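J.: Structure in structure tokens, see below.
Since every read-out is calculated from the coordinates, none of them should be taken as a lab result. Quick caveat: nothing in here was measured; it's all calculated off a predicted structure. Counting neighbours? That spans all protein chains shown, and the Cβs are built from the backbone with ideal geometry, glycine included.
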Amino acid sequence: IDLNSTPPIAWFDNGCGLDVGGNTTILGKNSSKPWDKVVPGWDFPNAIIRTSMGIINVDIWKKANFDYWGDHVKVLNSIKSADDYDWTNARLSEQGNLASWRWNNQKNVIRVMYQFGIWDAKTVENLGAVRR
């Protein structure tokens, strides 16, 4: 995590950066999370790396908490462009009992995983993203 930048950015080996608007807690600062199949929580870099390694998959993500995955989450120097798709209807699950804002945040997880080059076109299209 580059704490000297404003806002702080989590940089990854593939050259992508994650900007969550300055919240160092969700960037994983001062925390240690295991590399297991537990549903992702608030440590975004850990969740992204576990997804890229195949430790967690779409089915596990469907059970995640989407509280902090708002529209403000940005990928810097992305592998794939967010502009490739309309993310409006991309979702990991049916809304069910989820609050509408939390359900709406699911599209950002899908977008971020695509931008990082982790999820491919087929995966995001199966989750409701529409190619532009």
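J.: Out of these labelled values of mean projected area of the Cα convex hull in nm², [x] 7.5; [y] 9.5; [z] 11.1, which was calculated from the coordinates shown here?
T.: Recomputing mean projected area of the Cα convex hull in nm² here gives the entry labelled [x].
J.: Counting other beta carbons within 10 Å of each Cβ, put V124, V130 in order, fewest first.
T.: Ranking V124, V130 by Cβ neighbours within 10 Å, fewest first, gives V130, V124.
J.: Strictly over 22 Å apart at the Cα level, which of K37/K62; K29/K122; K29/K62; K37/K74; K33/K63 would you flag in this model?
T.: In this structure, K29/K122; K29/K62; K37/K74 exceed 22 Å between Cα atoms.
J.: For I9, enumerate residues with amide H under 5 Å from its amide H, sequence gap 5+ or separate chain, H modeled in the peptide plane.
T.: For I9, the qualifying residues are D2.
J.: Can you run phi through the Karplus equation (6.51, -1.76, 1.60; θ = phi - 60°) for the stretch 44-57 and list ³J(HN,Hα) in whole Hz, with x for Gly and Pro?
T.: The phi angles translate into 4, x, 4, 5, 5, 5, 4, 5, 5, 8, x, 6, 10, 10 Hz.
J.: Per residue of the chain, what 222 nm ellipticity follows from adding -39500 (n - 2.57) for every DSSP H run with n ≥ 4, rounded to the nearest 500?
T.: On the way: 4 runs with 35 residues, N = 132.
It comes out at -7500 deg cm²/dmol, rounded to the nearest 500.
J.: Which loop trypsin sites (Lys or Arg not before Pro) in the stretch 41-78, with loop taken from DSSP, have no more than 12 other Cβ atoms within 10 angstrom of their Cβ?
T.: Sparse-neighbourhood loop trypsin sites (Lys or Arg not before Pro): K63.
J.: To the nearest 10 degrees, how steeply does helix 100-115 sit against the main Cα axis of the chain, on a 0 to 90 scale?
T.: So the inclination is approximately 70 degrees.
J.: Moving on. Taking neighbour counts of Cβ atoms within 10 Å as a proxy for exposure, in what order, fewest first, do L76, L92, L3, L27 appear?
T.: On the way: L76 14, L92 20, L3 11, L27 24.
Listed from fewest to most nearby Cβ atoms, that is L3, L76, L92, L27.
J.: Right, next: Going by how many other beta carbons lie within 10 Å of each one, how would you line up Y114, Y85, Y68, fewest first?
T.: Y68, Y85, Y114
J.: Here's a follow-up. Dipole magnitude of the stretch 1-68 about its Cα centre, charges +1 at Lys/Arg Cβ and -1 at Asp/Glu Cβ only, in debye to the nearest 20? Mind dumping the intermediate values first?
T.: On the way: 6 positive and 7 negative charges, 45 e Å.
About 220 debye.
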